[in-house]
Amino acid sequence: MRRIQTIGFKLSIMISIIITFIIPATITKGGSIIEYSFGFPFRYLCIYQLNESNLNLFVNLFNGNKGMNINIFELFINVVIIYFLLLLIKKFYINIRGIKSQ
């Protein structure tokens with residue numbers, strides 16, 4: 001429970017959400033429905049539309065979507081991956097800083 005309350009975990013949640021807005025969607029066409037998938041490294045947010053639109057999330061949220069699917073498990077996996085990457089960067093920075101001070 002303590003790890004969830006740390007600044008690193010909160011920062012990884014924020015980075016995961018911001019990346020969703022920055023990285024363009026992956027488009028899948030299935031019949032008359034077009035699926036826009038967002039998220040990195042796993043696509044956890046899908047928006048369904050009838051007409052092709054922009055690849056950015058903000059435009060697709062408010063322009064004629066027919067449905068939305070949020071996969072909470074893949075969102076959690078994204079947050080955990082980013083959290084461990086932040087821990088790795090922090091360890092690397094501490095080691096480099098320790099070497100320079102000696």
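Of everything in region 5-37, what is of a type in the set (A, V, I, L, M, F, W, C), more than 15 Å from the chain's Cα centre (by Cα) and surrounded by 17 or more Cβ atoms within 10 Å (Cβ to Cβ)? Give them in sequence order. If the condition is that a residue be of a type in the set (A, V, I, L, M, F, W, C), more than 15 Å from the chain's Cα centre (by Cα) and surrounded by 17 or more Cβ atoms within 10 Å (Cβ to Cβ), then Ile34 is the only one that fits. Pairs are defined by a Cβ separation below 6 Å, a sequence spacing of at least 6 or placement on different chains, a first member in region 62-79 that is under 18 Å from Thr28 (Cβ atoms), and a second member that is aromatic (Phe, Trp, Tyr); the pairs so defined are Lys66/Tyr48; Gly67/Tyr48; Asn71/Tyr44; Glu74/Phe42; Glu74/Tyr44.
Phe40 falls short of the stated requirement of being assigned to a helix (DSSP H, G or I) and either without any contact (Cβ under 8 Å) to a residue 40 or more places away in the chain or crowded, with 16+ Cβ neighbours inside 10 Å (or both).
Which members of region 59-85 meet the condition of being part of a helix (DSSP H, G or I) and more than 14 Å from the chain's Cα centre (by Cα)? Hits for region 59-85 are Val59, Asn60, Leu61, Phe62, Phe84. For region 43-58, the set of residues classified as surrounded by 12 or more Cβ atoms within 10 Å (Cβ to Cβ), under 17 Å from the mean Cα position of the chain (by Cα) and not in a loop (DSSP other than H, G, I, E, B) consists of Leu45, Cys46, Ile47, Leu57, listed by residue number. For region 8-37, name all the residues that are among the small types (Gly, Ala, Ser) and part of a helix (DSSP H, G or I). If the condition is that a residue be among the small types (Gly, Ala, Ser) and part of a helix (DSSP H, G or I), then Gly8, Ser12, Ser16 are the ones that fit.
Quick note: the coordinates plus some simple rules give every number you see, no bench work behind them. Note that the coordinates shown come from a computational prediction; the quantities given were computed from them, not determined experimentally. All Cβ positions, glycine included, derive from the backbone under ideal geometry; neighbour counts span all protein chains shown.
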